[in-house]
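Remarks on the structure that follows.
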Amino acid sequence: MSPHGAQPAADAGAAQNLDYLVAHLTDHLAAGPLGELGVRIEIRGEAVLLTGTVPSVQCRDDVLRTARAELLGHPVHCDIVVVDNSAPDHAEEVE
C-alpha cells in the first residue's frame with residue numbers, strides 16, 4: 001500500500017472531528033446560558049468562521065471564548081457584529 005492511500009483517511013477523520021466539534025458548539029451556543037441563535041458557524045478548511053449578530057460586546061466575547069475553548073487546536077475567526085439596539089438620542093430629519 002502506498003503512503004498516498006493513508007493520507008485521505010487521516011484528512012477525512014480530521015474533517016469529521018471538526019464537523020462534530022462545530023455541531024457540538026452550535027448546540028452549546030443555542031441551548032446554553034447564551035441562548036445565541038444569531039451566530040453562524042462555518043468550516044473553512046481547518047479554520048472556523050463565526051458570523052452573525054449579537055446584542056452586546058459581552059455576548060460576542062462570550063461566544064468567541066466558548067468557540068475557542070471547544071475548538072481547541074483550530075483557528076477561529078470572528079466576524080460577529082454587535083447590533084446597537086438602543087433608542088436614538090435625537091429625532092430623524094426627513095426631507
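Worth a mention:
- Top-ranked residue in region 47-95 [being assigned to a loop (DSSP other than H, G, I, E, B) and touching a Leu at 6+ places or on another chain (Cβ under 7 Å); ranked as surrounded by the most Cβ atoms within 10 Å (Cβ to Cβ)]: 71
- Qualifying positions in region 29-46 - in a helix (DSSP H, G or I) and loosely packed, with under 13 Cβ neighbours inside 10 Å: 30, 31
Readers should treat all values here as calculations from the given coordinates under stated rules, not as data from a laboratory. Remember, predicted model here, so these are calculated numbers, not experimental data. Note that we place each Cβ from the backbone using ideal geometry, even for glycine, and neighbour counts take in every protein chain shown.
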